[in-house]
Amino acid sequence: DAKTTQPNSMESNEEEPVHLPCNHSTISGTDYIHWYRQLPSQGPEYVIHGLTSNVNNRMASLAIAEDRKSSTLILHRATLRDAAVYYCILRYGEETSGSRLTFGEGTQLTVNP
Amino acid sequence: NAGVTQTPKFQVLKTGQSMTLQCAQDMNHNSMYWYRQDPGMGLRLIYYSASEGTTDKGEVPNGYNVSRLNKREFSLRLESAAPSQTSVYFCASSVDRGLEQYFGPGTRLTVT
C-alpha cells in the first residue's frame, strides 16, 4: 500500500499562509490525494482532494507536484480555528478496493495569535 | 440536516460485556464506515458498508460485528469487550465509495 510521510508538527502565525507538505513517493497512477483535518475532540473533516492538477476550494488549495510524489496543502490565511491535526491520505482509485482511507499520524498545526 | 449522529457519546464497559454503537446519517449517502482512534494515533478502519445490504472488513475487524440496518443506519457491536478495545469510535458516511467522507462526533469507549 502506498504510504504518506508528513512532519509531526508545524507552527504558524495567525493571518499568515501555511504550507503543509506531504510525501507519497510510492503513489500509483490511480491514487487520489485527500486531505482531512481533525480539530480537538472532534471527528475528522474533509478539506480537499486531487489527482493530478492543483485544486482550490473555499477552505484551502492543494498543490500537486508534477511527478505526483509530493503535495502541499495551502491555507492562505491561517486562523486560530485552523489549529488541528492535518492528515494527508492516499485513496485507492480502484473500485474493487473499496473506499479505505488509511490515516497516518498527521501534522499537528499550531497557530499563534 | 444533522449529518452523522452517533450514540452514545461516552460508555464504560467491564471486560466481557457487550454493547452496540449506533450511527445514523440523514444525507442519503450510500456508503458508511466505522473507525477507531487510539490516543495519539490516526484512525483505523474497522468495517465499512459500500451500499445497503453489503459489509466488508477493514484493517482491524477482529472483535467487532456490524449491521447495515437500512440506508441510514450502520451499527457496530462488541460481543465481548476487551481493554484493548478502549478507544474513540467514529462513524462516517459518503455519497459513494471513494468520495469525501463525513464523520460523526465519536463515541468514547472505556473497557475496564
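Quick note: the coordinates plus some simple rules give every number you see, no bench work behind them. Just so it is clear, the model here is predicted, and its values are computed rather than measured. Cβ sites come from the backbone with ideal geometry, for glycine too, and all protein chains shown count toward neighbours.
Give me the dipole magnitude in Debye, nearest 20, for region A:26-113 about the Cα centre, with unit charges on the beta carbon: positive for Lys and Arg, negative for Asp and Glu.
Computed about the Cα centre, the dipole is about 280 debye.
Let me confirm the definition first: pairs of Lys residues in the protein assembly as shown, 8 or more apart or on different chains, C-alpha distance under 23 Å. How many are there?
Details: A:3/A:69; A:3/B:57; B:9/B:71; B:57/B:71.
Final tally of qualifying lysine pairs is 4.
Could you check the simple spin-label distance between residue A:110 and residue B:17, using points 7 Å along Cα→Cβ, in nm with one decimal?
In this crude spin-label approximation the distance works out to 3.8 nm.
I need the chymotrypsin sites (Phe, Trp or Tyr not before Pro) found in region B:1-44, filtered to DSSP loop residues with at most 10 other beta carbons within 10 Å of theirs.
Qualifying residues, ordered by number: none.
What range in chain A is the longest one free of trypsin sites (Lys or Arg not before Pro) that are in a loop by DSSP and have at most 15 other Cβ atoms within 10 angstrom? Could the numbers behind the result be given before it?
Details: sites that count: A:3, A:58, A:69, A:77.
Excluding the exposed sites themselves, the longest stretch runs over A:4-57.
Viscosity 1.567 mPa s, temperature 4 °C: give me the Stokes-Einstein translational D for region B:57-112 in µm²/s, with Rh taken as the Kirkwood radius over C-alpha pairs.
My calculation gives 101 µm²/s for D.
Let me make sure I get this right: for region B:4-66, a, b and c are the square roots of the gyration tensor eigenvalues over alpha carbons, sorted descending. Under 1.5 in a/c it's rounded, otherwise prolate if a/b > b/c, else oblate. Which is it?
On the way: a/c = 1.56, a/b = 1.37, b/c = 1.13.
Prolate, since a/c reaches 1.5 and a/b exceeds b/c.
For chain A, what are the per-bin percents of Cα-Cα distances with bins 10 Å wide, up to the bin holding the maximum?
All Cα pairs considered, the percentages come to 15, 49, 30, 6, 0.
List the GluC sites (Glu not before Pro) within region A:19-113 that fall in a DSSP loop (any state other than H, G, I, E or B) and whose Cβ has at most 14 other Cβ atoms within 10 Å. Intermediate results must be reported in sequence, preceding the final value.
Numbers: sites: A:45, A:66, A:94, A:95, A:105; in loops: A:66, A:94, A:105.
When the GluC sites (Glu not before Pro) of region A:19-113 are filtered for loop state and at most 14 Cβ neighbours within 10 Å, A:66, A:94, A:105 remain.
With each pseudo-label sitting 7 Å past Cα toward Cβ, what's the residue A:9-residue B:26 distance in nm, one decimal?
4.0
Measure of size requested: the Rg and Dmax of the protein assembly as shown, with Cα atoms as the atom set and Å as the unit; please supply both.
17.6, 53
Looking at chain B, I'd like the Rg to Rh ratio, where Rg is from alpha-carbon atoms and Rh is Kirkwood's inverse mean 1/r.
The Rg/Rh ratio comes out at 0.94.
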